[in-house]
1. Calculate log10 I(q)/I(0) of the range A:262-408 for q = 0.14, 0.18, 0.22 Å⁻¹, where I(q) comes from the Debye formula with a single equal point scatterer on each Cα and nothing for solvent.
2. 222 nm [θ] for chain B, helices only, -39500 (n - 2.57) per DSSP H run of 4+, per residue, to 500?
3. If you average the sequence gap of Cα pairs under 8 Å that are 6 or more apart and divide by the length of chain A, what percent do you get for the contact order?
4. If the range A:192-293 were replaced by its equivalent ellipsoid, with semi-axes equal to the square roots of 5 times the Cα gyration tensor eigenvalues, what would those be, largest first, whole Å?
5. As a check on your grasp of the helix formula, calculate [θ] at 222 nm for chain A: sum -39500 (n - 2.57) over DSSP H runs of n ≥ 4, divide by the residue count, round to the nearest 500.
6. How many angstrom lie between the C-alpha centres of the range B:112-179 and the range A:206-266?
7. If eta is 1.306 mPa s and T is 10 °C, what Stokes-Einstein diffusion coefficient results for the range B:130-247, Kirkwood Rh from Cα pairs, in µm²/s?
8. Provide the percentage of antiparallel DSSP beta bridges, counting only those with both residues in the protein assembly as shown; round to the nearest 5.
């Protein structure tokens with residue numbers, strides 16, 4: 001007995017979910033099922049037919065999806081109720097969040113089927129717009145991930161997006177789109193550097209230094225825009241990056257046009273996602289970066305320069321935000337408007353937390369928020385008697401629910417927000 | 001034969017103190033050299049200099065005949081010096097492999113991390129030195145004893161041949177500590193030289209080849225276990241004769257003061273940490289809770305003192321149900337609490353000593369009149385207590401955060417003991433204190449017991465539990481495994497129970513499962 005290894009001393013129950021949380025989630029699931037039935041099934045008659053258009057317009061030959069509304073809604077309601085009952089009685093334990101996601105998806109689909117009863121809804125168009133709307137959110141989240149994984153909280157993403165949107169407009173108006181893009185990225189790098197200097201060199205509280213960046217960027221761009229861009233309109237006409245169809249891939253039925261017929265920024269988002277995942281989790285640099293964010297002292301004792309790692313990560317994070325900022329002008333509307341980012345940087349931060357500081361998670365959260373955004377636009381077209389402003393609030397409400405911890409505990413990098421000091 | 005490592009005249013000054021004063025030290029190849037001294041004697045400073053974390057003001061370091069000026073840990077690592085820190089330098093969310101290769105990563109030709117090759121190397125090292133470490137386990141699921149071996153593997157992975165171990169047994173059970181010494185013995189047999197920092201006399205005498213004692217930043221002397229004994233080493237460490245054994249009279253247990261039944265406590269993540277614990281403490285006795293850190297002691301104490309609400313079970317103090325009572329109600333019943341983390345839970349560090357001394361009585365007469373604080377009585381109280389409890393401080397206005405650990409603890413003891421109390425919860429009361437302060441705190445605890453106070457003592461130092469307690473409850477995995485009388489119980493028995501092995505059946509009490 002004594003020759004074996006000593007017994008483990010830290011004991012925790014495996015997959016323990018409190019009974020209260022299990023019950024609460026069960027009730028939430030049942031509530032969703034009931035809502036599908038009460039709001040959607042009960043207001044639908046047997047003859048109604050839903051039409052989903054499966055191509056976002058153009059030459060895509062995917063045929064429309066047509067089905068009877070009522071049976072479809074009843075099936076969704078029944079499945080949801082069964083899942084809810086199971087959760088209440090037995091519980092899904094570790095899979096609870098997955099089931100929550102699936103049921104939320106059911107609810108959205110039921111809502112769409114109901115909204116499009118006896119009408120037609122362009123589902124493909126809806127998703128395509130969702131992907132586009134996800135771009136600034138996801139890029140903001142990726143910027144945050146890079147900074148926070150190294151231990152620096154970047155709450156200044158909003159300001160970085162806005163500043164880069166402004167500089168890219170002016171630069172692109174004066175020369176060309178590519179110069180605008182590069183200037184945007186450099187602007188992000190500059191702001192990232194400022195954040196790093198504040199947080200690392202002067203050890204300013206990182207929430208404060210990020211907030212300073214936000215206030216500065218808002219004030220400065222509004223001032224410069226009012227002073228110059230209004231007067232000299234030629235400074236505010238940068239043009240837009242064109243849509244690039246990816247040969248072959250864009251021809252895939254249904255998914256092709258949704259994913260592979262976009263401009264540079266959407267592809268940039270996917271590429272950055274892949275690159276960041278590989279770099280963070282499969283390279284030496286990523287391992288060191290994460291160690292600086294989790295246990296900087298351990299990193300230091302192994303000869304890793306914590307502060308330099310953090311500088312680099314924050315500047316690169318700023319560059320990603322800068323790229324995201326250019327999306328607003330060069331990738332979306334082709335001009336700069338005051339405070340045009342409208343809190344997207346903060347939602348990006350929420351997406352980062354929702355996605356548990358993982359790049360793929362950030363994309364998922366970004367797409368979810370993007371979908372709510374896109375849906376709000378469709379409501380008006382469908383003449384659904386819900387004010388679209390209500391649905392526009394949806395992503396923010398989801399954000400608050402997520403941040404309040406309903407989805408469970410997220411695990412931020414252990415050392416984020418604390419300056420590293422050698423003794 | 002030249003020593004593998006030689007320190008000559010190392011001096012390091014910090015503002016106001018000379019942490020190291022012309023220290024000379026020689027480490028021979030293959031020896032285990034104990035560096036013995038109290039907290040604050042300068043051991044850790046010295047090792048941090050050697051490891052490149054500080055630079056010395058004077059003196060030189062010679063490694064294998066060559067002068068070394070380590071500017072950062074990388075230089076020390078390159079010279080073959082490795083250090084196992086007292087607080088482990090491991091990233092909890094990384095695997096063993098990732099932790100070991102961090103800073104010295106194996107990469108594939110494509111530039112990606114080569115976890116497989118690194119894991120194979122770790123397995124090889126683990127087998128060679130009998131370390132039983134799984135390279136793919138996550139640190140957060142790994143028991144402390146194994147974490148320490150991961151630290152050792154980190155050094156061996158980098159081919160270090162001079163190993164510095166800073167207070168390596170502080171977090172281990174006696175059995176784990178013995179395992180560690182076996183490993184250290186193996187390492188030294190295979191040619192590694194070890195400097196082993198400690199203040200535990202028994203370990204030094206049993207397991208080292210040579211002993212260097214430092215006090216107040218200076219080397220007091222170098223000796224061998226054969227020439228020394230505990231009392232000699234203790235007086236070398238402290239500079240005066242020390243009474244190592246606590247003198248105490250037999251206890252006169254009175255009425256039940258604390259009654260705990262079926263207490264279950266969960267942490268913030270809803271993991272059950274304390275699982276159905278029942279015991280009681282009587283007036284005039286000390287009940288010691290023995291156990292390795294992290295087995296539920298913290299949560300148990302927090303529940304009893306009202307800082308955490310239990311999930312289930314009942315607590316009563318002096319016959320009153322306090323299961324869900326607020327800390328203030330519990331304090332007013334006559335409960336005193338010496339918390340585990342004195343800086344976080346015991347004191348407001350930026351506040352002056354005088355205010356810290358009235359933290360739980362400030363709202364009462366004479367310290368307050370209505371909503372107004374009365375400065376004069378607070379000052380008088382502070383002056384009295386500073387003298388009575390021998391708190392070494394420039395003034396009563398000094399922020400408590402600038403005192404030494406021992407004096408901070410005295411402030412807490414003074415505050416808690418100066419009230420009329422009937423029940424005392426002392427959690428790790430001597431953690432991080434020097435021998436002199438430990439002696440002082442121990443005597444105060446015994447005094448309180450003899451005054452008829454019920455004392456619940458929680459400590460991970462088995463020696464302390466054995467010396468002070470009248471009864472000993474062993475906690476493992478959130479359960480109290482056994483309650484035994486202190487008399488007639490051996491350290492080995494308790495040690496086995498602390499590791500979760502029942503002495504009578506010789507089988508593990510429960511099979512703990514790590515969290516996924």
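1. -0.83, -1.21, -1.44
2. Helix contribution divided over all residues of chain B: -9000 deg cm²/dmol.
3. With pairs under 8 Å counted, the relative contact order is 24 percent.
4. On the way: eigenvalues 224, 175, 17 Å².
Each semi-axis is the square root of five times an eigenvalue, giving 33, 30, 9 Å.
5. -20000 deg cm²/dmol
6. That distance is 50 Å.
7. 100
8. 60
FYI, it's all coordinate maths here, none of it is from the lab. Keep in mind it's a predicted model, so treat the numbers as computed, not measured. Positions of Cβ are backbone-derived with ideal geometry, glycine not excepted, and every protein chain shown enters the neighbour counts.
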